[in-house]
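Have a look at the structure below before the remarks.
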Amino acid sequence: MRNEVQMPSEMDAVSPVKAEGGVQQSRRRLIQAGLAAAPVMLAVSGRSAMAGGTPGTTAKCLSPMAWCSANPTSGQAVGSISPKSMGNPGCNPKQWKPCETTQTFPNTPSWPSGCKPFSTIKYPGGKSSTNWVSGQCRTYSGLSHKITVNGQTQDPGWNSGTVLSWLDSRSCSNILIDEADSDTLKAHTCAAYLNAKLAEDNGKRFPVSSADVKACYQERKLGTRSVTDAQLLAYFKQTCA
C-alpha cells in the first residue's frame, strides 16, 4: 500500500482574507473594550481634573460641585490642569467687619440691598445716634462695637441690622464683630452671603448664589455631597480674597 499524503481541501485552507478579518475583528474588540473602560478611568482618576487647579495648589473661587471634585476639605487640585474659576472673589469676614477706628467700613464698597449693618446706632457716649442710609457706608466713622451707658456695657445698635434667622439670632454685624477674627464657620457663611448678594446687585459673578449659601449651610451639602463643618468652612474660605 502506498502512503498517500492527504492535501487540505479548499474548504480546509485558511483564507488570507479571513485571517486578516480576524485580526481586524480582534483590534476592533480591543478598541471597544478601551472605550468602555474610559468613563470608569475618568471617574476614578479625573475628579481633580474636572475641577482644575495646578498640582499642589489651592484652587480659588470654584462652584460647590467643582470644589468637591478637587477636595472638599483643602481644595488641593492634585494632578490637574489650570484652575477654572466660577466667579470673582469677595471680601473676607475681617473686611466685612465694622471697624471701630476712623472709617467704619474701609474695606467694603457697600452693603448689598436688603442688608444693612444697623438700622439705628448710637455714638460713643450714647447721647446721639445715626440711621443707616444705603449706599453711603463710607460716610460713617467712629462707631464703637460697645458703648457704656450708666456704667453698663451695651450694644450701641449693631443688632438692629440684618439678621439671617437661618444662621443665628445675632445680626450679621454682631456675628462679624464677635467671630471674624476667629475665622469661624458662621463668620464665613455671613461673609459669603453678603458677597453673593452684592454680586447679584451689580450683575457680577460669585462662585455661589445667596440662596445656595443658605442651602449649603442648612443642609451641610456642597452640590449633592454631604460635608462636615470643616469642609464647608474650607469651601467658603476659597470664595473670598
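Within region 210-241, the set of residues being in a loop (DSSP other than H, G, I, E, B) and either on the phi > 0 side of the Ramachandran plot or aromatic (Phe, Trp, Tyr) (or both) comprises 220, 223. Annotation for region 166-185: at least one member residue is small (Gly, Ala, Ser), more than 21 Å from residue 202 (Cβ to Cβ) and without any contact (Cβ under 8 Å) to a residue 40 or more places away in the chain. With respect to (1) on the phi < 0 side of the Ramachandran plot; (2) modelled with pLDDT under 85; (3) more than 18 Å from the chain's Cα centre (by Cα), the lone exception for residue 137 is condition (2). Within region 213-226, the presence of at least one residue that is at pLDDT 95 or above and touching a strand residue (DSSP E or B) at 6+ places or on another chain (Cβ under 7 Å) is confirmed. Taking (1) buried (at least 17 other Cβ atoms within 10 Å of the Cβ); (2) under 15 Å from the mean Cα position of the chain (by Cα); (3) among the acidic types (Asp, Glu) in turn, residue 155 satisfies each apart from (2). All of (1) at pLDDT 95 or above; (2) of a type in the set (A, V, I, L, M); (3) buried (at least 21 other Cβ atoms within 10 Å of the Cβ) hold for residue 199 with one exception: (3).
Within region 202-233, the set of residues being open to solvent by less than 20 Å² (accessible area, probe 1.4 Å), closer than 24 Å to residue 97 by Cβ and touching a residue at least 40 places away in the same chain (Cβ under 8 Å) comprises 207, 208, 216, 232.
Reported count of residues in region 115-133, each being within 20 Å of residue 201 (Cβ to Cβ) and in contact with a Lys or Arg (Cβ under 7 Å, 6 or more places away or on another chain), is 2.
The values are calculated or read from the model by the stated rules, or taken from the named source; none is laboratory data. Quick caveat, the model's predicted, so the values are computed rather than measured. Please note: Cβ atoms are built from the backbone with ideal geometry, for glycine as well, and neighbour counts cover all protein chains shown. Surface areas here come from the heavy atoms of the whole protein model, side chains and all, with no ligands, DNA or RNA. Shrake-Rupley method; radii C 1.70, N 1.55, O 1.52, S 1.80 Å.
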